[in-house]
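The values are calculated or read from the model by the stated rules, or taken from the named source; none is laboratory data. This is a predicted model, so every value here is computed, not measured. Neighbour counts run over all protein chains shown; Cβ positions are idealised from the backbone, glycine included.
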Amino acid sequence: MLDLVLSIRERYQKTLDAIASSARKVGRTPESVRLVVVTKTHPVEVVQAAVEAGAKILGENYAEEAVEKILALKSQSAVEWHMIGHVQSRKAQLVAEHFALFHSLDSLKLAQRVDRFAAQFGRRLPVLLEFNAGGEESKHGWPASNESRWSSLLTDLAAIVSLPNLEVRGLMTMPPLSTDPETARPYFRRLRRLRDFLAERLPQAEWSELSMGTSADYKVAVEEGATLVRVGQAILGPRHETESKRA
Ligand SMILES: *Cc1c(COP(=O)(O)O)cnc(C)c1O
């Protein structure tokens, strides 16, 4: 267990250092980027070790799996849990109750459901809107690859911004998978342009957060303005469970 904590701590610190140097490279402060350690598929013991190693924000993809871990680690009140995966309508209540930030809100219908549950829990839930910047069929989020169609998204997005129990804070994306981090750069730039577009048209929301970048490309994401990076494997090592089985 101690070995596990030490090795996670070393990789966590290395990731923080890389974030800081990418931020400085483009004239940003390291504090302007928050590191979300993605713990999906890892058992409670590994999550516990990540917390002992210094992780402050934990990201999970599957609501039920996450809630088990949240309840098991309830004494760790200093950590913040973020939902980063696609949420089915019937899991909306779990998200409204248990998470500090919902990165992957991807439809008006889900927004309305989460808003109703947030009201029941007496919360105003911070959310990010997920966009499909690469236009892939397999990805969730509002289509964002065709910039001339951005205006057509405004009706849905304005309705979400006006929901009383959600607080829209920014945007999230998951670009096409690639082994070359530079491949992701144009998608990150597009998300930032989309943020500027929305901030101008829907100024009643905050739009300050950009959640983008994973183990493969978080340094590029920070150079392009990410305020939240979501890193799993580079800190916790490979996941053993196949994701397709669970999606
Ligand atoms: C799994 C996942 C990550 C982390 O990916 P790694 O390759 O482990 O860094 C980030 N974001 C989302 C939405 C994910 O599903």
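Does any residue of the stretch 229-236 turn out to be in contact with a strand residue (DSSP E or B) (Cβ under 7 Å, 6 or more places away or on another chain), more than 9 Å from the ligand (Cβ to nearest atom) and under 19 Å from Pro186 (Cα atoms)? No, there is no match, as no residue in the stretch 229-236 is in contact with a strand residue (DSSP E or B) (Cβ under 7 Å, 6 or more places away or on another chain), more than 9 Å from the ligand (Cβ to nearest atom) and under 19 Å from Pro186 (Cα atoms).
When Ala184 is tested against (1) farther than 20 Å from Lys40 by Cα; (2) touching a strand residue (DSSP E or B) at 6+ places or on another chain (Cβ under 9 Å), exactly one condition is not met: (2). The single condition among (1) more than 16 Å from the ligand (Cβ to nearest atom); (2) within 16 Å of the chain's Cα centre (by Cα); (3) surrounded by 20 or more Cβ atoms within 10 Å (Cβ to Cβ) that Val79 does not satisfy is (3).
For first residues located in the stretch 34-54 and closer than 16 Å to Gly213 by Cβ, partners that are crowded, with 23+ Cβ neighbours inside 10 Å and of a type in the set (Lys, Arg) and lie 6+ apart or on another chain with Cβ distances below 9 Å form the pairs Leu35/Arg230; Val36/Arg230; Val37/Arg230; Val38/Arg230.
What is the one condition in (1) more than 20 Å from Ala133 (Cβ to Cβ); (2) at pLDDT below 95; (3) not hydroxyl-bearing (Ser, Thr, Tyr) that Ala234 does not satisfy? Among (1) more than 20 Å from Ala133 (Cβ to Cβ); (2) at pLDDT below 95; (3) not hydroxyl-bearing (Ser, Thr, Tyr), Ala234 violates only (2). Here Arg169 passes the criteria (1) under 17 Å from Phe131 (Cβ atoms); (2) touching a helix residue (DSSP H, G or I) at 6+ places or on another chain (Cβ under 9 Å) except the one numbered (2).
Per the listing Leu94, Leu16, Leu73, Leu101, the residue uniquely in contact (Cβ under 8 Å) with a residue 12 or more places away in the chain and under 16 Å from the mean Cα position of the chain (by Cα) is Leu101. If the condition is being in contact with a Phe, Trp or Tyr (Cβ under 8 Å, 6 or more places away or on another chain), assigned to a helix (DSSP H, G or I) and under 23 Å from Asp17 (Cβ atoms), then the stretch 39-92 contributes only Ala50. Of the residues that sit in the stretch 1-38 and are of a type in the set (Lys, Arg), within 14 Å of the ligand (Cβ to nearest atom) and part of a helix (DSSP H, G or I), which one is surrounded by the fewest Cβ atoms within 10 Å (Cβ to Cβ)? Here the residue is Lys14.
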